[in-house]
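Note sheet for the following structure.
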Amino acid sequence: MPEYVQVQVAIDDRAKAAELARSAVSARLAACAQIVGPVTSTYRWKGQVETAEEFLVLVKTTRERSVELVDHIRREHPYETPEIISLPVEGGLDAYLHWIDEETGPGGEARETGG
Amino acid sequence: MPEYVQVQVAIDDRAKAAELARSAVSARLAACAQIVGPVTSTYRWKGQVETAEEFLVLVKTTRERSVELVDHIRREHPYETPEIISLPVEGGLDAYLHWIDEETGPGGEARETGG
Amino acid sequence: MPEYVQVQVAIDDRAKAAELARSAVSARLAACAQIVGPVTSTYRWKGQVETAEEFLVLVKTTRERSVELVDHIRREHPYETPEIISLPVEGGLDAYLHWIDEETGPGGEARETGG
């Protein structure tokens with residue numbers, strides 16, 4: 001199993017998307033997040049196919065932290081059953097993956113306090 | 001192997017992207033889809049590197065339904081060899097993943113007919 | 001392990017994103033790439049949560065070529081530690097996946113020279 005994931009969240013408002021990204025990074029549940037959109041979502045609702053404007057938030061974290069991150073997003077998200085899916089990251093630039101570890105681990109805060 | 005996938009499709013027109021999303025959800029081959037873009041695609045054509053405007057469609061379904069979904073997109077898509085790739089979903093919000101099962105399974109229609 | 005990957009890169013400028021896409025395809029390190037954005041990135045910098053406008057580049061290649069592709073992007077990218085992550089592709093349209101092989105393999109150039 002790879003050690004990093006990209007958690008993808010859909011939400012209907014840019015400001016709420018920004019707040020999800022900010023709060024996840026602020027709580028060290030993620031190293032960074034990007035907001036993509038607006039996007040057009042298509043889904044079934046009460047038997048009809050509907051569309052709506054949404055934004056996607058792409059959140060980078062470790063697999064270890066991802067359970068806590070999903071719980072956090074669930075609590076902060078206004079929908080009853082929001083799209084929150086986790087996609088595995090199998091590799092990439094080692095220095096960047098190491099930075100995800102630092103930003104989401106307990107060591108990061110100590111280092112920042114120190115400098 | 002995870003049980004859910006995000007199928008990603010590239011197509012050159014927003015209306016065609018919307019129709020792919022609508023027809024996949026309508027046929028219960030997917031629970032939902034998002035259209036992202038316009039994006040700028042870069043590829044080689046007859047020895048030259050070309051660019052074109054396209055849209056990406058991100059389609060959520062079960063692994064079990066994904067084979068039928070890919071066949072459906074292939075038939076509806078105007079390109080000879082369209083980009084259709086399937087990315088594994090390894091987790092996320094359990095209630096959302098369960099909703100994908102419901103929306104793509106035979107039970108969903110029965111429930112909706114009932115209420 | 002699946003044989004194909006989507007390498008995702010974040011970069012702060014559309015022209016630089018286009019040049020990364022062009023150079024990767026031109027060098028046969030990738031079959032194609034899409035530029036998504038602008039997106040809003042959120043990350044921590046010197047203890048503060050910051051945001052910035054960036055673009056995402058989604059690059060399609062084989063797992064075999066992905067190591068060389070990541071090295072290439074690292075060299076061409078202006079950041080010290082850029083986001084370069086690799087997401088596995090587990091399936092899709094067989095003809096499209098085969099096209100990735102052709103476009104990134106040594107055979108592609110021979111065929112193009114011949115026709």
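The values are calculated or read from the model by the stated rules, or taken from the named source; none is laboratory data. Bear in mind that the values here come from a model prediction, so they are computed numbers and not experimental data. Reconstructed Cβ throughout: ideal geometry from the backbone, glycine too, with neighbour counts over all protein chains shown.
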Among B:GLY114, B:GLY108, B:GLY47, the single one that is farther than 17 Å from B:GLN6 by Cα, modelled with pLDDT under 95, within 14 Å of chain A (Cβ to nearest Cβ) and loosely packed, with under 14 Cβ neighbours inside 10 Å is B:GLY114
Of the residues in the range A:17-40, those that are within 25 Å of B:GLY37 (Cβ to Cβ), surrounded by fewer than 23 Cβ atoms within 10 Å (Cβ to Cβ) and either away from chain C (no Cβ under 13 Å) or out of contact with any Phe, Trp or Tyr (no Cβ under 8 Å at 6 or more places or on another chain) (or both) come to A:ALA18, A:GLU19, A:THR40
Kindly check whether there is at least one residue in the range A:73-94 that is in contact (Cβ under 8 Å) with a residue 24 or more places away in the chain, surrounded by 19 or more Cβ atoms within 10 Å (Cβ to Cβ), within 23 Å of B:GLU102 (Cα to Cα) and facing chain C (nearest Cβ under 10 Å). yes
Given the conditions (1) of a type in the set (D, E, K, R); (2) within 24 Å of B:LYS46 (Cα to Cα); (3) outside any helix (DSSP H, G or I); (4) in contact with a strand residue (DSSP E or B) (Cβ under 6 Å, 6 or more places away or on another chain), every one holds for C:GLU53 apart from (2)
Q. What do you reckon, is B:GLU102 more than 9 Å from chain A (Cβ to nearest Cβ), acidic (Asp, Glu) and in contact with a Gly (Cβ under 7 Å, 6 or more places away or on another chain)?
A. yes
Note: among A:VAL39, A:VAL70, A:VAL25, just one is at pLDDT 95 or above, among the hydrophobic types (A, V, I, L, M, F, W, C) and not in a helix (DSSP H, G or I), namely A:VAL39
Within the range A:2-16, residues being surrounded by 24 or more Cβ atoms within 10 Å (Cβ to Cβ) and more than 8 Å from every other protein chain (Cβ to nearest Cβ) number 2
